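The values are calculated or read from the model by the stated rules, or taken from the named source; none is laboratory data. Everything numeric in this text was worked out from a predicted model, so none of it was measured. Neighbour counts are summed over all protein chains in view; Cβ atoms, including those assigned to glycine, are modelled from backbone coordinates with ideal geometry.
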Amino acid sequence: MRRVALYGASIAIGLFVSANYSEIPVNIWCIGLFIWLFFKAERKERIEMITVLALATPMELFFSEIWLIYEYQRGLMPLFVPVGHWFLFDSGRRISQYLLKEKALLSLMPFIPLVMYGLWSGGDTSGIFLLAMVLAFTKWGPQPSLYATMAWVALAMELWGTHLGNWTWDNQVPWTGLTAWNPPLLVGAFYCLGDLLVNLSVAKFETKVPLEANL
């Protein structure tokens with residue numbers, strides 16, 4: 001779990017430094033750490049790391065610059081955000097090893113009354129759809145323990161980031177007529193989707209058979 005502790009410290013301290021001082025040292029540390037881990041990693045993990053960056057970067061830009069469901073403190077997405085997705089993904093994967101897949105759905109049950117309250121109060125009407133996504137991923141996805149874990153890990157990270165003011169979720173979800181808390185309770189649904197896409201992409205890449213020249 002030393003790697004998880006390293007990721008956790010990088011995210012927690014990095015968000016604090018970025019919110020209160022400058023994002024430049026956080027960019028340098030996080031990108032440098034990512035590069036160091038990349039050159040230490042095995043081939044499959046390198047593919048995963050690149051895939052996370054390839055998916056997380058455009059998704060973040062779409063959500064923050066086009067859909068406008070949240071806004072970063074200084075406008076544009078900080079450079080440490082895409083590599084931060086790898087830190088979160090790898091943390092969730094390592095932590096999920098301690099959650100039996102038979103218990104994955106059960107671990108999500110505490111979300112249900114809070115989602116119902118958000119729906120009843122009108123403060124977070126989008127939560128019911130995000131909950132359905134997380135439950136579906138956990139029930140039918142290939143890695144139920146990972147998706148359930150990410151729901152909690154992502155929420156912890158989002159609570160810290162929004163508390164510090166690194167980013168702010170819009171209470172009115174554009175294009176939908178729905179509302180959301182800051183952060184949405186089931187924000188982990190977006191991370192579950194990203195994790196599923198990463199795993200499917202890597203699996204597809206790994207199963208490709210290289211063409212051999214006919215001699």
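For the range 128-162, give me each residue that is of a type in the set (S, T, N, Q) and touching a helix residue (DSSP H, G or I) at 6+ places or on another chain (Cβ under 6 Å).
Quick first cut of the range 128-162, residues of a type in the set (S, T, N, Q) only: 138, 143, 145, 149, 162.
Result: Thr138, Ser145, Thr149.
Exactly one of (1) surrounded by fewer than 20 Cβ atoms within 10 Å (Cβ to Cβ); (2) at pLDDT below 95 is unmet by Glu71. Its number?
It is condition (2) that Glu71 fails.
Within the range 44-56, is even one residue β-branched (Val, Ile, Thr), within 26 Å of Phe205 (Cα to Cα) and buried (at least 21 other Cβ atoms within 10 Å of the Cβ)?
Within the range 44-56, the first condition is being β-branched (Val, Ile, Thr), and the residues that meet it are 47, 50-52.
Filter once more, keeping what is within 26 Å of Phe205 (Cα to Cα): 47, 50-52.
The next check asks that each one be buried (at least 21 other Cβ atoms within 10 Å of the Cβ); those that pass are 52.
Scanning the range 44-56 turns up at least one residue that is β-branched (Val, Ile, Thr), within 26 Å of Phe205 (Cα to Cα) and buried (at least 21 other Cβ atoms within 10 Å of the Cβ).
Considering the range 1-33 alone, what residues qualify as being hydroxyl-bearing (Ser, Thr, Tyr) and within 23 Å of Arg94 (Cα to Cα)?
Taking the range 1-33 and keeping what is hydroxyl-bearing (Ser, Thr, Tyr), we get 7, 10, 18, 21-22.
Correct list: Tyr7, Ser10.
Only one of these conditions is not met by Ser22: (1) surrounded by fewer than 16 Cβ atoms within 10 Å (Cβ to Cβ); (2) under 23 Å from Asn182 (Cα atoms); (3) under 15 Å from the mean Cα position of the chain (by Cα); (4) small (Gly, Ala, Ser). Which number is it?
Tallying (1) surrounded by fewer than 16 Cβ atoms within 10 Å (Cβ to Cβ); (2) under 23 Å from Asn182 (Cα atoms); (3) under 15 Å from the mean Cα position of the chain (by Cα); (4) small (Gly, Ala, Ser), Ser22 fails exactly one: (3).
Are any of the residues in the range 15-29 assigned to a helix (DSSP H, G or I), closer than 16 Å to Gly161 by Cα, touching a Ser or Thr at 6+ places or on another chain (Cβ under 9 Å) and not polar (S, T, N, Q)? Quick ask: steps written out before the conclusion?
So in the range 15-29, the residues assigned to a helix (DSSP H, G or I) come out as 15-20, 24-29.
Cutting the leftovers down to closer than 16 Å to Gly161 by Cα gives us 15-20, 26-27.
Among the residues that remain, those that are also touching a Ser or Thr at 6+ places or on another chain (Cβ under 9 Å) are: 26-27.
Applying the additional criterion that residues be not polar (S, T, N, Q) yields 26.
Yes: one or more hits.
Looking at (1) closer than 26 Å to Ile50 by Cα; (2) surrounded by fewer than 16 Cβ atoms within 10 Å (Cβ to Cβ), find the lone condition where His163 falls short.
Failed condition: (1).
Could we say that Trp36 is within 15 Å of Asp90 (Cβ to Cβ) and either among the aromatic types (Phe, Trp, Tyr) or not in a helix (DSSP H, G or I) (or both) here?
Numbers: within 15 Å of Asp90 (Cβ to Cβ): yes; either among the aromatic types (Phe, Trp, Tyr) or not in a helix (DSSP H, G or I) (or both): yes.
Against the criterion (within 15 Å of Asp90 (Cβ to Cβ) and either among the aromatic types (Phe, Trp, Tyr) or not in a helix (DSSP H, G or I) (or both)), Trp36 qualifies.
For residues that are among the hydroxyl-bearing types (Ser, Thr, Tyr) and part of a helix (DSSP H, G or I), scanning just the range 56-70, find the one that is farthest from Asn171 (Cα to Cα).
As a first pass, look at the range 56-70 and keep what is among the hydroxyl-bearing types (Ser, Thr, Tyr): 57, 64, 70.
Imposing the further condition that a residue be part of a helix (DSSP H, G or I) reduces the set to 57, 64.
Numbers: Thr57: 23, Ser64: 14 Å.
Among those residues, the one meeting the criterion is Thr57.
Counting just the residues of the range 148-200 that are closer than 19 Å to Ile11 by Cα and among the acidic types (Asp, Glu), which one comes out modelled with the lowest pLDDT?
Among those residues, the one meeting the criterion is Asp195.
Here is a list of conditions, (1) surrounded by 15 or more Cβ atoms within 10 Å (Cβ to Cβ); (2) closer than 25 Å to Glu65 by Cβ, and Ile95 meets all of them except one; can you say which number that is?
Going through the list (1) surrounded by 15 or more Cβ atoms within 10 Å (Cβ to Cβ); (2) closer than 25 Å to Glu65 by Cβ, Ile95 breaks only (2).
Does the range 39-50 hold any residues that are part of a helix (DSSP H, G or I) and free of Cβ contacts under 8 Å to residues at least 24 places away in the same chain, and which are they?
Within the range 39-50, Phe39, Lys40, Arg43, Glu45, Arg46, Ile50 qualify.
Please enumerate the residues belonging to the range 108-143 that are farther than 21 Å from Gly92 by Cβ and not hydrophobic (A, V, I, L, M, F, W, C).
Pro113, Tyr117, Gly118, Ser121, Gly122, Gly123, Asp124, Thr125, Ser126
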